[in-house]
Amino acid sequence: MARLTLPEFCQLIDHTNLHAFASGADIERLCREAIDHQFKTVAINPAQVLAAATLLDGSGVGISACISFPLGQDYREEKTDAARRALAHGATEIDYVNNLTLIKDGAWDQLRNEMAALADVCHEHGAAVKVIFENCYLTDDEKLKLCEIASEVKPDFVKTSTGFGTGGATLADVELMCRNIPDDVQVKAAGGIRTADDFLAYVTLGATRIGCSAGIPIIEELSRRMAADSSSALEL
């Protein structure tokens, strides 16, 4: 069992706005909210990274740039170039989508090469990389094969979903991923996580990062629960 304080819960959250119609004001609001709550990162599209880096400078909040969203259907070189550009503009982490066609074709060597290439680019820049499986389109055998490859390549995170597919995170998927990766690869749950109960369930299963746009109401609810218990932490 673990006891986590409110700041520790905040550090599990990638505060997310990936809407195609997000305005500059929306991204500024996202960054201000992330600073106020000291969330781990803001998760945004690459074109907004440069502006966010200026807004977040010195705040301690990182930037997760979301590459090849939401389909993953780019050449490996395009993904690595996009990652380099985002990192040069101030991103501190990269979330990228696997090429699902390669998965469906069983082209595991190409998937391994792509995962290794993105990990190399990110690690050369001292940045974390999160590999998005997009589990709603995968069989359990395909998820397990990706876990096997990730266990070899060692990205920093494997991630359930983009939030743009036919489904988001599920407890069953997070349990499967946590059970089949080594301790030095973490799990990020994302997609459809909107309540404090959902958030706590994924963290209890072993997810160490949560991607969501509902971070503020979730943290507010956790704060109310702590206050009701006259406690500075919640036990998982």
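For the range 14-30, the candidate set comprises residues that are closer than 24 Å to ASP81 by Cα and under 16 Å from the mean Cα position of the chain (by Cα); within that set, the residue that is surrounded by the fewest Cβ atoms within 10 Å (Cβ to Cβ) is HIS19. Out of curiosity, is THR80 out of contact with any Leu (no Cβ under 7 Å at 6 or more places or on another chain) and hydroxyl-bearing (Ser, Thr, Tyr)? When the stated conditions are applied, THR80 does not pass them.
Among the residues making up the range 31-56, those that are aliphatic (A, V, I, L, M), assigned to a helix (DSSP H, G or I) and within 16 Å of the chain's Cα centre (by Cα) are ALA34, VAL49. Reported count of residues in the range 113-162, each being aromatic (Phe, Trp, Tyr) and within 20 Å of THR101 (Cα to Cα), is 2.
Does at least one position in the range 30-41 carry a residue that is of a type in the set (Lys, Arg) and either within 17 Å of ILE94 (Cα to Cα) or in contact (Cβ under 8 Å) with a residue 60 or more places away in the chain (or both)? Looking through the range 30-41, at least one residue is of a type in the set (Lys, Arg) and either within 17 Å of ILE94 (Cα to Cα) or in contact (Cβ under 8 Å) with a residue 60 or more places away in the chain (or both). When ALA233 is tested against (1) of a type in the set (Gly, Ala, Ser); (2) at pLDDT 95 or above; (3) in contact with a strand residue (DSSP E or B) (Cβ under 8 Å, 6 or more places away or on another chain), exactly one condition is not met: (2). One residue alone among LYS145, LYS159, LYS188 is over 17 Å from the mean Cα position of the chain (by Cα) and either of a type outside the set (S, T, N, Q) or closer than 16 Å to GLY72 by Cβ (or both), and that residue is LYS145. ALA116 meets the conditions (1) among the aliphatic types (A, V, I, L, M); (2) over 14 Å from the mean Cα position of the chain (by Cα); (3) over 17 Å from ASP184 (Cα atoms) in every case but one. The failed one is (3). Scanning the range 77-129 for residues that are among the charged types (D, E, K, R), assigned to a helix (DSSP H, G or I) and buried (at least 21 other Cβ atoms within 10 Å of the Cβ) yields a total of 2. Residues that are closer than 12 Å to THR5 by Cα, free of Cβ contacts under 8 Å to residues at least 60 places away in the same chain and among the hydroxyl-bearing types (Ser, Thr, Tyr) within the range 214-236 comprise just one, SER231. Residue selection: GLY211 satisfies the criterion of being part of a strand (DSSP E or B), of a type in the set (Gly, Ala, Ser) and touching a residue at least 60 places away in the same chain (Cβ under 8 Å). Annotation: of all residues in the range 1-13 being within 16 Å of the chain's Cα centre (by Cα) and farther than 20 Å from GLY90 by Cβ, the one that is surrounded by the most Cβ atoms within 10 Å (Cβ to Cβ) is PHE9. Taking the range 130-167 as the search range and keeping residues that are aliphatic (A, V, I, L, M) and not in a strand (DSSP E or B), which one is surrounded by the fewest Cβ atoms within 10 Å (Cβ to Cβ)? Looking at residues that are aliphatic (A, V, I, L, M) and not in a strand (DSSP E or B), I get LEU144. Assess whether ALA52 counts as being touching a residue at least 24 places away in the same chain (Cβ under 8 Å) and within 30 Å of GLU235 (Cβ to Cβ). So ALA52 fails the test.
The values are calculated or read from the model by the stated rules, or taken from the named source; none is laboratory data. Everything quoted here is computed from the prediction, not taken from an experiment. When we count neighbours, we look across all protein chains shown, and the Cβ atoms used for this are built from the backbone with ideal geometry, even at glycine.
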